[in-house]
Amino acid sequence: MLLWYDYCLHKKALINSLEFINSWLQLRYRHDDIPGFVVAIAHQGEIIFNEAYGFADLEKKTELTTQHLFRIESHSKTFTATAIMHMAENGKLRIDDYVVNYLPWLKEHKDKKWQKVTIRQLMSHGAGVIRDGKQNDYWQLEGSFPDKDSFKNEILDSDLVLDNNVKLKYSNYGYTLLGFVIEAVSGKSYNNIVGEKIIQPLKLTNTYPEYSRILDSRLVTGYSRIEYDKKRLPITQINTYSMSPATGFCSTAEDLCKYFSAHMVGSKKLLDDESKKEMQRVQWHANTPYQFHNEDYGLGLEIEYFTERRVIGHGGGFPGQSTKSLFDPKDKIVVIVLTNCIDGPAGWIAKSIYSIIDYFQQNTPTTKPKHDLKKLEGRYMNLWSVTNIVVTGDKVVSTYPNTWDTLYKPQRLEYIDDTTFKVVESDSFYSEGELVRFNIKNGKVESLDYTGATMWPEEVWLQKQQNRKIVG
(Lines give C-alpha, C1' and ligand atoms only; values in the text may rest on other atoms or scores of the structure.)
Protein backbone atom coordinates (compact mmCIF):
# COMPACT_ATOMS: atom_id res chain seq x y z
CA MET A 1 0.00 0.00 0.00
CA LEU A 2 0.99 3.66 -0.34
CA LEU A 3 2.21 5.22 2.87
CA TRP A 4 2.15 9.05 3.00
CA TYR A 5 4.88 10.80 4.93
CA ASP A 6 4.00 14.19 6.40
CA TYR A 7 7.45 15.72 6.61
CA CYS A 8 9.73 15.79 3.58
CA LEU A 9 11.93 18.05 1.50
CA HIS A 10 8.86 19.30 -0.30
CA LYS A 11 5.75 17.52 0.92
CA LYS A 12 3.48 18.31 -2.01
CA ALA A 13 6.15 17.51 -4.61
CA LEU A 14 7.06 14.20 -3.01
CA ILE A 15 3.45 13.08 -2.69
CA ASN A 16 2.81 13.99 -6.34
CA SER A 17 5.91 12.07 -7.41
CA LEU A 18 4.80 8.97 -5.49
CA GLU A 19 1.36 9.07 -7.12
CA PHE A 20 3.00 9.31 -10.53
CA ILE A 21 5.49 6.52 -9.71
CA ASN A 22 2.71 4.13 -8.66
CA SER A 23 0.64 4.80 -11.77
CA TRP A 24 3.72 4.50 -14.01
CA LEU A 25 4.83 1.19 -12.46
CA GLN A 26 1.34 -0.26 -12.83
CA LEU A 27 1.45 0.58 -16.54
CA ARG A 28 4.98 -0.77 -16.99
CA TYR A 29 4.04 -4.05 -15.30
CA ARG A 30 1.12 -4.50 -17.70
CA HIS A 31 3.26 -3.81 -20.76
CA ASP A 32 6.66 -5.30 -19.94
CA ASP A 33 7.29 -9.02 -19.57
CA ILE A 34 8.44 -9.14 -15.95
CA PRO A 35 6.94 -11.77 -13.62
CA GLY A 36 6.92 -9.40 -10.66
CA PHE A 37 8.76 -6.67 -8.79
CA VAL A 38 8.61 -4.80 -5.49
CA VAL A 39 9.55 -1.14 -5.04
CA ALA A 40 10.09 0.58 -1.70
CA ILE A 41 11.16 4.15 -1.01
CA ALA A 42 12.25 5.68 2.29
CA HIS A 43 12.95 9.28 3.27
CA GLN A 44 14.88 10.23 6.39
CA GLY A 45 14.50 6.68 7.70
CA GLU A 46 10.72 6.44 7.19
CA ILE A 47 9.19 4.20 4.51
CA ILE A 48 6.94 6.34 2.30
CA PHE A 49 6.21 3.86 -0.50
CA ASN A 50 6.04 0.05 -0.53
CA GLU A 51 4.31 -1.61 -3.48
CA ALA A 52 4.29 -5.02 -5.16
CA TYR A 53 3.44 -5.64 -8.82
CA GLY A 54 2.77 -8.95 -10.56
CA PHE A 55 3.33 -12.52 -9.41
CA ALA A 56 5.63 -14.28 -6.98
CA ASP A 57 4.96 -17.53 -8.86
CA LEU A 58 3.57 -17.55 -12.40
CA GLU A 59 2.67 -21.25 -12.46
CA LYS A 60 0.70 -21.10 -9.21
CA LYS A 61 -0.63 -17.58 -9.97
CA THR A 62 0.57 -16.45 -6.54
CA GLU A 63 0.27 -12.67 -6.37
CA LEU A 64 3.41 -10.90 -5.24
CA THR A 65 3.25 -9.05 -1.91
CA THR A 66 5.66 -6.73 -0.13
CA GLN A 67 6.27 -9.52 2.42
CA HIS A 68 7.69 -11.97 -0.11
CA LEU A 69 11.40 -12.69 0.23
CA PHE A 70 13.90 -12.20 -2.58
CA ARG A 71 17.45 -13.45 -2.99
CA ILE A 72 19.33 -10.16 -2.76
CA GLU A 73 22.58 -11.63 -4.08
CA SER A 74 25.52 -9.19 -3.97
CA HIS A 75 23.80 -6.97 -1.42
CA SER A 76 25.32 -9.62 0.85
CA LYS A 77 28.70 -7.93 0.35
CA THR A 78 27.43 -4.77 2.06
CA PHE A 79 26.54 -6.81 5.16
CA THR A 80 29.95 -8.49 5.13
CA ALA A 81 31.79 -5.17 4.78
CA THR A 82 29.66 -3.69 7.58
CA ALA A 83 30.54 -6.60 9.87
CA ILE A 84 34.24 -6.08 9.12
CA MET A 85 33.96 -2.36 9.94
CA HIS A 86 32.18 -3.20 13.19
CA MET A 87 35.11 -5.44 14.14
CA ALA A 88 37.55 -2.67 13.23
CA GLU A 89 35.69 -0.18 15.43
CA ASN A 90 36.00 -2.60 18.32
CA GLY A 91 39.71 -3.23 17.84
CA LYS A 92 39.30 -6.82 16.67
CA LEU A 93 41.19 -6.15 13.42
CA ARG A 94 42.50 -3.38 11.17
CA ILE A 95 41.28 -3.21 7.60
CA ASP A 96 44.82 -2.60 6.34
CA ASP A 97 46.09 -5.79 7.99
CA TYR A 98 47.28 -8.65 5.79
CA VAL A 99 44.66 -11.36 5.36
CA VAL A 100 47.24 -14.08 6.09
CA ASN A 101 47.47 -12.73 9.66
CA TYR A 102 43.95 -14.09 10.23
CA LEU A 103 43.95 -17.03 7.81
CA PRO A 104 47.32 -18.75 8.42
CA TRP A 105 46.55 -21.48 5.87
CA LEU A 106 46.95 -18.85 3.14
CA LYS A 107 50.66 -18.67 3.99
CA GLU A 108 50.97 -22.05 2.29
CA HIS A 109 49.95 -20.54 -1.06
CA LYS A 110 52.48 -21.00 -3.84
CA ASP A 111 51.67 -17.52 -5.16
CA LYS A 112 53.57 -15.36 -2.67
CA LYS A 113 51.68 -12.22 -3.77
CA TRP A 114 48.91 -13.49 -1.48
CA GLN A 115 51.13 -12.52 1.49
CA LYS A 116 50.51 -8.83 0.73
CA VAL A 117 46.74 -8.94 0.20
CA THR A 118 44.93 -6.80 2.79
CA ILE A 119 41.42 -6.87 4.16
CA ARG A 120 40.79 -3.45 2.57
CA GLN A 121 41.81 -4.80 -0.83
CA LEU A 122 39.30 -7.64 -0.52
CA MET A 123 36.57 -5.22 0.61
CA SER A 124 37.22 -2.86 -2.32
CA HIS A 125 37.74 -5.64 -4.92
CA GLY A 126 41.32 -4.46 -5.36
CA ALA A 127 43.11 -7.70 -4.44
CA GLY A 128 43.21 -9.28 -7.90
CA VAL A 129 41.39 -12.42 -6.73
CA ILE A 130 39.74 -14.76 -9.25
CA ARG A 131 36.08 -13.80 -9.61
CA ASP A 132 34.19 -17.07 -9.13
CA GLY A 133 36.77 -19.83 -9.21
CA LYS A 134 38.16 -21.86 -12.09
CA GLN A 135 34.94 -23.82 -12.44
CA ASN A 136 31.89 -21.72 -11.70
CA ASP A 137 29.04 -23.50 -13.45
CA TYR A 138 27.30 -23.53 -10.08
CA TRP A 139 26.00 -20.12 -11.15
CA GLN A 140 23.96 -21.87 -13.86
CA LEU A 141 22.82 -24.65 -11.54
CA GLU A 142 25.35 -27.16 -12.86
CA GLY A 143 26.65 -28.45 -9.55
CA SER A 144 26.62 -26.87 -6.10
CA PHE A 145 28.23 -23.75 -4.72
CA PRO A 146 31.47 -24.71 -2.93
CA ASP A 147 31.41 -25.71 0.72
CA LYS A 148 34.18 -24.45 3.01
CA ASP A 149 36.65 -27.24 2.27
CA SER A 150 36.10 -27.03 -1.48
CA PHE A 151 36.44 -23.27 -1.42
CA LYS A 152 39.66 -23.40 0.61
CA ASN A 153 41.15 -25.89 -1.83
CA GLU A 154 40.12 -23.71 -4.78
CA ILE A 155 41.75 -20.62 -3.27
CA LEU A 156 44.98 -22.53 -2.63
CA ASP A 157 44.92 -23.68 -6.25
CA SER A 158 44.25 -20.18 -7.66
CA ASP A 159 46.99 -17.58 -8.09
CA LEU A 160 46.06 -13.92 -8.02
CA VAL A 161 44.92 -13.19 -11.57
CA LEU A 162 46.00 -9.53 -11.30
CA ASP A 163 48.54 -7.78 -9.12
CA ASN A 164 46.94 -6.64 -5.90
CA ASN A 165 46.27 -2.96 -5.14
CA VAL A 166 46.30 -1.91 -8.79
CA LYS A 167 42.69 -1.73 -10.00
CA LEU A 168 39.09 -2.78 -9.35
CA LYS A 169 38.43 -6.43 -10.21
CA TYR A 170 35.15 -7.67 -8.80
CA SER A 171 35.42 -10.96 -6.92
CA ASN A 172 32.83 -13.11 -5.17
CA TYR A 173 35.70 -15.29 -3.97
CA GLY A 174 37.31 -12.26 -2.33
CA TYR A 175 34.16 -11.61 -0.29
CA THR A 176 33.88 -15.27 0.59
CA LEU A 177 37.35 -14.98 2.10
CA LEU A 178 36.15 -12.03 4.18
CA GLY A 179 33.53 -14.35 5.65
CA PHE A 180 36.39 -16.67 6.67
CA VAL A 181 38.14 -13.69 8.30
CA ILE A 182 35.01 -12.77 10.27
CA GLU A 183 34.71 -16.32 11.59
CA ALA A 184 38.41 -16.54 12.46
CA VAL A 185 38.37 -13.25 14.38
CA SER A 186 35.06 -13.79 16.19
CA GLY A 187 35.22 -17.53 16.84
CA LYS A 188 31.57 -17.65 15.73
CA SER A 189 29.79 -18.53 12.51
CA TYR A 190 29.39 -15.81 9.90
CA ASN A 191 25.60 -16.06 10.15
CA ASN A 192 25.68 -15.54 13.91
CA ILE A 193 27.90 -12.48 13.66
CA VAL A 194 25.82 -10.64 11.05
CA GLY A 195 22.72 -11.61 13.01
CA GLU A 196 24.08 -10.19 16.28
CA LYS A 197 25.72 -7.06 14.89
CA ILE A 198 23.41 -6.03 12.05
CA ILE A 199 20.14 -7.91 11.65
CA GLN A 200 18.97 -7.92 15.27
CA PRO A 201 19.99 -4.35 16.22
CA LEU A 202 18.14 -2.96 13.19
CA LYS A 203 15.17 -5.31 13.72
CA LEU A 204 15.42 -6.67 10.19
CA THR A 205 12.87 -9.37 10.88
CA ASN A 206 12.69 -10.46 7.23
CA THR A 207 16.42 -10.69 6.49
CA TYR A 208 18.37 -13.96 6.44
CA PRO A 209 22.08 -14.51 5.67
CA GLU A 210 21.39 -17.70 3.75
CA TYR A 211 18.62 -19.67 2.09
CA SER A 212 17.03 -22.58 3.94
CA ARG A 213 14.02 -24.70 3.08
CA ILE A 214 11.95 -23.18 5.86
CA LEU A 215 11.86 -19.98 3.77
CA ASP A 216 10.39 -21.68 0.70
CA SER A 217 6.80 -20.60 1.36
CA ARG A 218 7.85 -16.94 1.46
CA LEU A 219 10.46 -16.83 -1.29
CA VAL A 220 9.53 -15.68 -4.77
CA THR A 221 10.10 -18.06 -7.64
CA GLY A 222 12.93 -16.81 -9.81
CA TYR A 223 12.72 -16.97 -13.61
CA SER A 224 15.13 -17.27 -16.51
CA ARG A 225 15.31 -14.85 -19.41
CA ILE A 226 12.65 -15.31 -22.10
CA GLU A 227 13.64 -18.38 -24.11
CA TYR A 228 12.93 -19.06 -27.77
CA ASP A 229 9.38 -20.23 -27.09
CA LYS A 230 8.73 -16.82 -25.47
CA LYS A 231 8.47 -18.37 -22.02
CA ARG A 232 10.47 -17.94 -18.84
CA LEU A 233 11.64 -21.02 -16.97
CA PRO A 234 11.23 -21.25 -13.18
CA ILE A 235 14.49 -21.67 -11.30
CA THR A 236 15.02 -23.89 -8.27
CA GLN A 237 16.16 -22.34 -4.96
CA ILE A 238 19.78 -23.14 -4.15
CA ASN A 239 22.11 -22.80 -1.18
CA THR A 240 25.30 -20.74 -1.55
CA TYR A 241 27.15 -22.51 1.31
CA SER A 242 30.57 -20.92 1.89
CA MET A 243 29.73 -18.03 -0.46
CA SER A 244 26.95 -16.65 1.72
CA PRO A 245 29.08 -13.55 2.59
CA ALA A 246 29.23 -12.71 -1.11
CA THR A 247 25.78 -13.65 -2.38
CA GLY A 248 23.63 -15.64 0.08
CA PHE A 249 21.22 -13.16 1.69
CA CYS A 250 17.42 -13.10 1.44
CA SER A 251 15.34 -10.05 2.37
CA THR A 252 12.44 -7.72 1.58
CA ALA A 253 12.45 -4.23 0.11
CA GLU A 254 11.13 -2.86 3.40
CA ASP A 255 14.02 -4.34 5.40
CA LEU A 256 16.52 -3.04 2.86
CA CYS A 257 15.07 0.46 3.25
CA LYS A 258 15.73 0.23 6.99
CA TYR A 259 19.20 -1.18 6.42
CA PHE A 260 20.42 1.42 3.94
CA SER A 261 18.79 4.23 5.93
CA ALA A 262 20.98 3.10 8.82
CA HIS A 263 24.04 3.49 6.57
CA MET A 264 23.36 7.24 6.32
CA VAL A 265 25.92 9.39 8.08
CA GLY A 266 24.18 10.88 11.10
CA SER A 267 21.66 8.06 11.59
CA LYS A 268 23.41 6.98 14.82
CA LYS A 269 22.80 3.37 13.84
CA LEU A 270 24.90 0.42 12.74
CA LEU A 271 28.38 2.03 12.70
CA ASP A 272 29.97 5.29 13.76
CA ASP A 273 30.07 8.04 11.15
CA GLU A 274 33.79 7.71 10.47
CA SER A 275 33.34 4.06 9.49
CA LYS A 276 30.42 4.96 7.24
CA LYS A 277 32.40 7.71 5.53
CA GLU A 278 35.25 5.30 4.93
CA MET A 279 32.90 2.73 3.39
CA GLN A 280 31.37 5.41 1.16
CA ARG A 281 34.70 6.90 0.09
CA VAL A 282 35.88 6.02 -3.42
CA GLN A 283 38.52 3.29 -3.41
CA TRP A 284 38.52 2.49 -7.13
CA HIS A 285 36.95 3.84 -10.31
CA ALA A 286 35.01 1.21 -12.25
CA ASN A 287 35.70 0.57 -15.92
CA THR A 288 32.24 -0.33 -17.26
CA PRO A 289 31.10 -1.22 -20.79
CA TYR A 290 28.01 0.98 -20.63
CA GLN A 291 27.93 4.44 -22.17
CA PHE A 292 26.96 7.21 -19.72
CA HIS A 293 27.43 4.82 -16.77
CA ASN A 294 29.76 6.38 -14.22
CA GLU A 295 30.51 4.20 -11.22
CA ASP A 296 33.05 3.86 -8.42
CA TYR A 297 33.49 1.35 -5.61
CA GLY A 298 34.04 1.96 -1.91
CA LEU A 299 34.23 -0.68 0.80
CA GLY A 300 31.37 -3.05 0.02
CA LEU A 301 29.35 -0.24 -1.55
CA GLU A 302 28.88 0.90 -5.14
CA ILE A 303 28.90 4.64 -5.83
CA GLU A 304 27.03 5.87 -8.89
CA TYR A 305 26.49 9.26 -10.52
CA PHE A 306 23.53 10.36 -12.63
CA THR A 307 21.71 13.64 -13.18
CA GLU A 308 22.88 15.76 -10.23
CA ARG A 309 22.94 12.87 -7.78
CA ARG A 310 25.66 10.84 -6.14
CA VAL A 311 24.01 7.67 -4.88
CA ILE A 312 25.38 4.73 -2.93
CA GLY A 313 24.23 1.13 -2.61
CA HIS A 314 24.59 -2.16 -4.44
CA GLY A 315 23.03 -4.29 -7.12
CA GLY A 316 22.69 -8.02 -7.35
CA GLY A 317 22.15 -10.81 -9.84
CA PHE A 318 21.24 -14.38 -8.94
CA PRO A 319 19.79 -17.29 -10.93
CA GLY A 320 16.27 -15.95 -11.47
CA GLN A 321 16.47 -12.59 -9.70
CA SER A 322 17.87 -9.09 -10.23
CA THR A 323 17.88 -6.36 -7.57
CA LYS A 324 19.09 -2.82 -6.91
CA SER A 325 19.34 -0.63 -3.81
CA LEU A 326 20.44 3.01 -3.84
CA PHE A 327 20.49 5.82 -1.31
CA ASP A 328 21.24 9.50 -1.70
CA PRO A 329 23.15 10.63 1.40
CA LYS A 330 22.34 14.27 0.64
CA ASP A 331 18.54 14.21 0.64
CA LYS A 332 18.22 10.92 2.58
CA ILE A 333 16.10 9.13 -0.02
CA VAL A 334 16.47 5.33 -0.36
CA VAL A 335 15.11 3.43 -3.39
CA ILE A 336 14.89 -0.39 -3.42
CA VAL A 337 13.85 -2.47 -6.44
CA LEU A 338 13.58 -6.27 -6.33
CA THR A 339 12.64 -8.31 -9.43
CA ASN A 340 12.15 -12.06 -9.80
CA CYS A 341 13.67 -12.64 -13.22
CA ILE A 342 17.30 -12.89 -14.21
CA ASP A 343 17.08 -9.92 -16.60
CA GLY A 344 14.80 -7.73 -14.49
CA PRO A 345 15.49 -3.99 -15.05
CA ALA A 346 16.01 -3.23 -11.35
CA GLY A 347 18.71 -0.61 -11.98
CA TRP A 348 16.67 1.17 -14.64
CA ILE A 349 13.64 1.32 -12.37
CA ALA A 350 15.61 2.68 -9.41
CA LYS A 351 17.28 5.43 -11.43
CA SER A 352 14.03 6.39 -13.12
CA ILE A 353 12.37 6.76 -9.72
CA TYR A 354 15.04 9.25 -8.70
CA SER A 355 14.53 11.17 -11.96
CA ILE A 356 10.76 11.33 -11.31
CA ILE A 357 11.31 12.59 -7.76
CA ASP A 358 13.76 15.17 -9.14
CA TYR A 359 11.29 16.35 -11.76
CA PHE A 360 8.51 17.01 -9.26
CA GLN A 361 10.85 18.64 -6.75
CA GLN A 362 12.20 20.97 -9.43
CA ASN A 363 8.86 21.84 -11.02
CA THR A 364 6.23 21.88 -8.28
CA PRO A 365 5.52 25.58 -7.59
CA THR A 366 5.55 27.10 -4.13
CA THR A 367 2.97 29.73 -5.06
CA LYS A 368 -0.59 29.40 -6.33
CA PRO A 369 -0.68 28.83 -10.12
CA LYS A 370 -2.36 31.32 -12.44
CA HIS A 371 -4.52 28.66 -14.07
CA ASP A 372 -6.40 25.63 -12.73
CA LEU A 373 -5.11 22.92 -15.05
CA LYS A 374 -5.13 19.86 -12.80
CA LYS A 375 -8.24 18.45 -14.49
CA LEU A 376 -6.17 17.98 -17.66
CA GLU A 377 -3.70 15.66 -15.97
CA GLY A 378 -3.92 11.96 -16.73
CA ARG A 379 -3.06 9.15 -19.12
CA TYR A 380 -4.38 9.14 -22.66
CA MET A 381 -4.25 6.38 -25.27
CA ASN A 382 -4.92 5.60 -28.91
CA LEU A 383 -3.80 2.93 -31.36
CA TRP A 384 -0.31 4.37 -31.70
CA SER A 385 0.60 5.89 -28.41
CA VAL A 386 0.29 6.17 -24.65
CA THR A 387 0.77 9.68 -23.28
CA ASN A 388 0.81 11.16 -19.81
CA ILE A 389 -0.11 14.79 -19.32
CA VAL A 390 1.73 16.02 -16.23
CA VAL A 391 0.70 19.30 -14.58
CA THR A 392 2.88 21.06 -12.03
CA GLY A 393 1.37 24.46 -11.36
CA ASP A 394 1.27 26.30 -14.70
CA LYS A 395 3.76 23.94 -16.35
CA VAL A 396 2.23 21.25 -18.58
CA VAL A 397 4.26 18.53 -20.26
CA SER A 398 3.53 15.39 -22.24
CA THR A 399 5.54 12.25 -21.47
CA TYR A 400 5.79 8.69 -22.75
CA PRO A 401 5.06 6.57 -19.67
CA ASN A 402 5.58 3.19 -21.32
CA THR A 403 9.38 3.37 -21.02
CA TRP A 404 11.85 2.94 -18.17
CA ASP A 405 12.86 6.60 -18.45
CA THR A 406 9.48 8.22 -18.59
CA LEU A 407 10.39 11.86 -17.84
CA TYR A 408 13.41 12.06 -20.13
CA LYS A 409 12.94 15.11 -22.39
CA PRO A 410 9.14 15.50 -22.11
CA GLN A 411 7.28 17.63 -24.64
CA ARG A 412 6.49 21.03 -23.16
CA LEU A 413 3.03 22.43 -23.86
CA GLU A 414 2.58 26.21 -23.83
CA TYR A 415 -0.70 27.61 -22.47
CA ILE A 416 -2.98 29.35 -25.00
CA ASP A 417 -6.26 29.03 -23.13
CA ASP A 418 -7.74 26.64 -20.57
CA THR A 419 -8.22 23.88 -23.16
CA THR A 420 -5.66 24.71 -25.86
CA PHE A 421 -1.88 24.38 -25.79
CA LYS A 422 1.00 24.54 -28.27
CA VAL A 423 3.87 22.04 -28.39
CA VAL A 424 6.94 24.26 -27.89
CA GLU A 425 9.63 21.72 -27.00
CA SER A 426 9.70 18.36 -28.75
CA ASP A 427 11.76 15.70 -30.44
CA SER A 428 12.63 16.88 -33.96
CA PHE A 429 10.69 13.97 -35.45
CA TYR A 430 7.42 14.89 -33.73
CA SER A 431 5.09 17.84 -33.72
CA GLU A 432 6.71 21.02 -32.42
CA GLY A 433 4.59 24.10 -33.07
CA GLU A 434 1.31 22.17 -33.40
CA LEU A 435 -1.73 22.37 -31.15
CA VAL A 436 -3.12 20.15 -28.39
CA ARG A 437 -6.81 20.55 -27.56
CA PHE A 438 -8.65 19.08 -24.57
CA ASN A 439 -12.34 18.32 -25.11
CA ILE A 440 -14.01 18.75 -21.73
CA LYS A 441 -17.53 17.76 -20.73
CA ASN A 442 -18.99 18.12 -17.23
CA GLY A 443 -15.59 19.13 -15.90
CA LYS A 444 -13.76 16.04 -17.20
CA VAL A 445 -11.60 15.45 -20.26
CA GLU A 446 -13.65 13.42 -22.70
CA SER A 447 -10.99 13.20 -25.39
CA LEU A 448 -7.80 14.86 -26.50
CA ASP A 449 -6.86 16.15 -29.94
CA TYR A 450 -3.09 15.74 -29.83
CA THR A 451 -1.66 17.50 -32.89
CA GLY A 452 -4.45 16.09 -35.04
CA ALA A 453 -4.74 12.60 -33.52
CA THR A 454 -7.57 11.80 -31.13
CA MET A 455 -6.64 10.22 -27.82
CA TRP A 456 -8.91 9.07 -25.02
CA PRO A 457 -8.53 8.77 -21.24
CA GLU A 458 -7.03 5.39 -20.37
CA GLU A 459 -10.21 3.87 -18.91
CA VAL A 460 -12.26 5.03 -21.94
CA TRP A 461 -9.76 3.62 -24.44
CA LEU A 462 -9.56 0.25 -22.69
CA GLN A 463 -13.34 -0.02 -22.56
CA LYS A 464 -13.59 0.80 -26.28
CA GLN A 465 -11.19 -2.01 -27.14
CA GLN A 466 -13.21 -4.66 -25.31
CA ASN A 467 -16.03 -4.38 -27.86
CA ARG A 468 -14.09 -3.43 -30.94
CA LYS A 469 -12.11 -5.12 -33.67
CA ILE A 470 -9.38 -2.96 -35.14
CA VAL A 471 -9.77 -3.16 -38.94
CA GLY A 472 -8.52 -1.24 -41.96
Original post:
Which three semi-axes in whole Å describe the equivalent ellipsoid of the chain, each the square root of 5 times a Cα gyration tensor eigenvalue, listed largest first?
Top reply: 47, 24, 20
Original post:
Modelled label-to-label distance, GLU196 and LYS148, 7 Å Cα→beta-carbon offset: nm?
Top reply: 1.6 nm
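Past 28 Å, Cα to Cα, is the threshold; run LYS370/LYS444; LYS12/LYS77; LYS116/LYS258; LYS107/LYS324; LYS258/LYS351 against it and keep the listed order.
From the list (LYS370/LYS444; LYS12/LYS77; LYS116/LYS258; LYS107/LYS324; LYS258/LYS351), the Cα-Cα distance tops 28 Å for LYS12/LYS77; LYS116/LYS258; LYS107/LYS324.
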Original post:
For the chain, what does -39500 (n - 2.57) per DSSP helix run (n ≥ 4), summed and divided by total residues, give at 222 nm, in deg cm²/dmol to the nearest 500?
Top reply: -7500 deg cm²/dmol
Subject >> Environment charge at PRO457 (Cβ cut-off 12 Å; Lys +1, Arg +1, Asp -1, Glu -1) >> reply: +1
Original post:
For GLU425 and ARG30, what does the FRET efficiency come to when R0 = 25 Å and r is the distance between their Cβ atoms, rounded to the nearest 0.05?
Top reply: 0.30
Subject >> Nitroxide proxy distance, nm - points 7 Å out along Cα→Cβ at GLU63 and THR236 >> reply: 3.2 nm
Original post:
So how do PHE55, PHE318 rank on accessible area, 1.4 Å probe, biggest first, that is with the largest at the start?
Top reply: PHE55, PHE318
Original post:
Where the accessible area of the chain is counted over protein heavy atoms with a 1.4 Å probe, how much of it, in %, is carbon and sulfur?
Top reply: 49 percent
Subject >> HN-Hα J in Hz across the range 238-252 - Karplus 6.51, -1.76, 1.60, θ = phi - 60°, x for Gly and Pro >> reply: 9, 9, 9, 6, 5, 8, 3, x, 9, 7, x, 5, 10, 6, 10
**OP:** Using Cα centres only, tell me the gap between the range 236-312 and the range 428-452 in whole Å.
**Re:** 45 Å
Subject >> For the range 347-425 versus the range 84-115, the gap between their alpha-carbon centres in whole angstrom >> reply: 54 Å
Subject >> the range 420-425 - phi-based ³J(HN,Hα) in whole Hz, Karplus 6.51/-1.76/1.60, Gly and Pro as x >> reply: 10, 9, 10, 6, 10, 9
Subject >> Point-to-point label distance, ASP159-VAL265, nm (Cα→Cβ direction, 7 Å offset) >> reply: 4.2 nm
**OP:** Mind running the shape call on the range 324-472? Use the C-alpha gyration tensor, a ≥ b ≥ c as the square roots of the eigenvalues: rounded below 1.5 for a/c, prolate if a/b tops b/c, oblate otherwise.
**Re:** oblate
Original post:
Using only the Cα atoms, what convex hull volume per residue in Å³ does the range 96-179 have?
Top reply: 85 Å³
**OP:** Return the sequence-ordered ³J(HN,Hα) values of the range 69-82 in whole Hz as given by the Karplus equation 6.51 cos²θ - 1.76 cosθ + 1.60 applied to θ = phi - 60°, using x for Gly and Pro.
**Re:** 8, 10, 6, 9, 6, 6, 3, 3, 4, 5, 5, 5, 4, 5
Original post:
Hey, got a sec? Which chymotrypsin sites (Phe, Trp or Tyr not before Pro) in the range 162-268 land in a DSSP loop and have at most 11 other Cβ atoms within 10 Å?
Top reply: TYR228
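Determine, for each peptide in 75-88, 422-435, the mean count of other beta carbons within 10 angstrom over its residues, then list the peptides with the highest first.
75-88, 422-435
The values are calculated or read from the model by the stated rules, or taken from the named source; none is laboratory data. Please read all numbers here as calculations on a predicted model, not as lab measurements. Cβ atoms come from the backbone with ideal geometry, glycine included; neighbour counts cover every protein chain shown. These area figures cover heavy atoms from the full protein model, side chains too; ligands, DNA and RNA do not enter into them. Shrake-Rupley method; radii C 1.70, N 1.55, O 1.52, S 1.80 Å.
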